[in-house]
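Asker: My questions will all concern the structure given below.
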Amino acid sequence: MKRLFWASLNLIRKQRGPDEGVTAGTKGSCLPAAEDKRPNPAEIRRVAENYYRQGDFYCSEAIVKTIKDAFRLPVPDAIIAMASGFPVGMGRAGCTCGAIVGGIMALGLFFGRTEPRDSKVAKAMELSRELHDGFRARHKNLCCRLLTKDMRLGSSVQMRQCIAFTGEVAEETSKLILREMGALSNH
């Protein structure tokens, strides 16, 4: 299955062309240089952080876009728009961290279901829980309101933290994807 996954992605890339739908611009690209190379999690982190840092996208949007582009997924850019309501804890409500939501959305692009009663939803839920639990273990919670307590929205302290969370979740999400596809030896 893993070999089929990578072969399918390479076929899609050949059909679409190497850069179709990919907008790395001056921010750099986390796309593999050659078709047989896998996306680099550290580079995925850097690109996602730069999208947030430069004001191009918020956390959830940056993660979805970076994962979509890094793996050259054949999905429309509208998927990025679906992530637009999640930043700052669900539209500034201070609830679940938007970075985690973006990571879970990206996992769904690979492991989610599109057909009723498809059992592959179990893998999407398992990986989502793993991403969630890892973040929670490192940061004690997932509530944006608590993660940014005593920080003014838009302050340099809050920006540094949210940029770091965005990069961290993008990198961890890519590692989960690569691990499940057999392309990452240890995680």
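The values are calculated or read from the model by the stated rules, or taken from the named source; none is laboratory data. Computed from a prediction, not measured in an experiment: that's the story for all the values here. Heads up, the Cβs are rebuilt from the backbone with ideal geometry, glycines too, and the neighbour counts pull from every protein chain shown.
Asker: I need the full set of residues from the range 108-134 which are among the acidic types (Asp, Glu) and closer than 20 Å to ILE63 by Cα, in order please. Full working, then the answer.
Answerer: If we filter the range 108-134 for residues that are among the acidic types (Asp, Glu), which is where we start, we get 115, 118, 126, 130, 133.
Those that are among the acidic types (Asp, Glu) and closer than 20 Å to ILE63 by Cα: GLU126, GLU130, ASP133.
Asker: Could I ask something else about it? Out of curiosity, is VAL121 modelled with pLDDT of 95 or more, surrounded by fewer than 17 Cβ atoms within 10 Å (Cβ to Cβ) and over 21 Å from ASN141 (Cα atoms)? Talk me through it step by step, then tell me what you get.
Answerer: Numbers: modelled with pLDDT of 95 or more: yes; surrounded by fewer than 17 Cβ atoms within 10 Å (Cβ to Cβ): yes; over 21 Å from ASN141 (Cα atoms): yes.
Answer is yes for this residue.
Asker: So how many residues does the range 140-158 have that are part of a helix (DSSP H, G or I) and either in contact with a strand residue (DSSP E or B) (Cβ under 6 Å, 6 or more places away or on another chain) or surrounded by fewer than 16 Cβ atoms within 10 Å (Cβ to Cβ) (or both)?
Answerer: Keep residues of the range 140-158 that are part of a helix (DSSP H, G or I), which gives 144-147, 156-158.
From the residues that got through so far, the ones that are either in contact with a strand residue (DSSP E or B) (Cβ under 6 Å, 6 or more places away or on another chain) or surrounded by fewer than 16 Cβ atoms within 10 Å (Cβ to Cβ) (or both) too are 145-146, 156-157.
Result for the range 140-158: 4.
Asker: Let me ask something additional. Which members of the range 81-117 meet the condition of being small (Gly, Ala, Ser), closer than 20 Å to ALA164 by Cβ and either free of Cβ contacts under 8 Å to residues at least 40 places away in the same chain or surrounded by fewer than 24 Cβ atoms within 10 Å (Cβ to Cβ) (or both)?
Answerer: Step one: filter the range 81-117 for residues small (Gly, Ala, Ser), giving 81, 83-85, 89, 91, 93-94, 98-99, 102-103, 106, 108, 112.
Pick out the ones that are also closer than 20 Å to ALA164 by Cβ and you get 83, 89, 94, 98-99, 102-103, 106.
Answer for the range 81-117, where residues must be small (Gly, Ala, Ser), closer than 20 Å to ALA164 by Cβ and either free of Cβ contacts under 8 Å to residues at least 40 places away in the same chain or surrounded by fewer than 24 Cβ atoms within 10 Å (Cβ to Cβ) (or both): ALA83, GLY89, GLY94.
Asker: Another question, if that's okay. Is it the case that some residue within the range 159-166 is in a helix (DSSP H, G or I), in contact with a Phe, Trp or Tyr (Cβ under 9 Å, 6 or more places away or on another chain), among the hydrophobic types (A, V, I, L, M, F, W, C) and modelled with pLDDT under 95?
Answerer: Going residue by residue through the range 159-166, those that are in a helix (DSSP H, G or I) are 159-166.
Still in the running and in contact with a Phe, Trp or Tyr (Cβ under 9 Å, 6 or more places away or on another chain): 159, 162-163, 165-166.
Cutting the leftovers down to among the hydrophobic types (A, V, I, L, M, F, W, C) gives us 159, 162-163, 165.
Then drop every residue that is not modelled with pLDDT under 95, which leaves none.
There is no residue in the range 159-166 that is in a helix (DSSP H, G or I), in contact with a Phe, Trp or Tyr (Cβ under 9 Å, 6 or more places away or on another chain), among the hydrophobic types (A, V, I, L, M, F, W, C) and modelled with pLDDT under 95.
Asker: Would the range 100-107 turn up any residue that is touching a strand residue (DSSP E or B) at 6+ places or on another chain (Cβ under 9 Å) and closer than 19 Å to CYS59 by Cα? Even if it seems obvious, please write down each step before you answer.
Answerer: Of the range 100-107, the ones touching a strand residue (DSSP E or B) at 6+ places or on another chain (Cβ under 9 Å) are none.
There is no residue in the range 100-107 that is touching a strand residue (DSSP E or B) at 6+ places or on another chain (Cβ under 9 Å) and closer than 19 Å to CYS59 by Cα.
Asker: Scan the range 139-155 and report the pairs whose first residue is closer than 15 Å to CYS95 by Cβ and whose second residue is surrounded by 15 or more Cβ atoms within 10 Å (Cβ to Cβ) and among the polar types (S, T, N, Q), with Cβ atoms within less than 9 Å and a gap of 6+ or a chain change.
Answerer: Within 9 Å, the pairs are LEU142/THR96; CYS143/THR96; CYS144/THR96; LEU147/GLN161; THR148/GLN158; THR148/GLN161.
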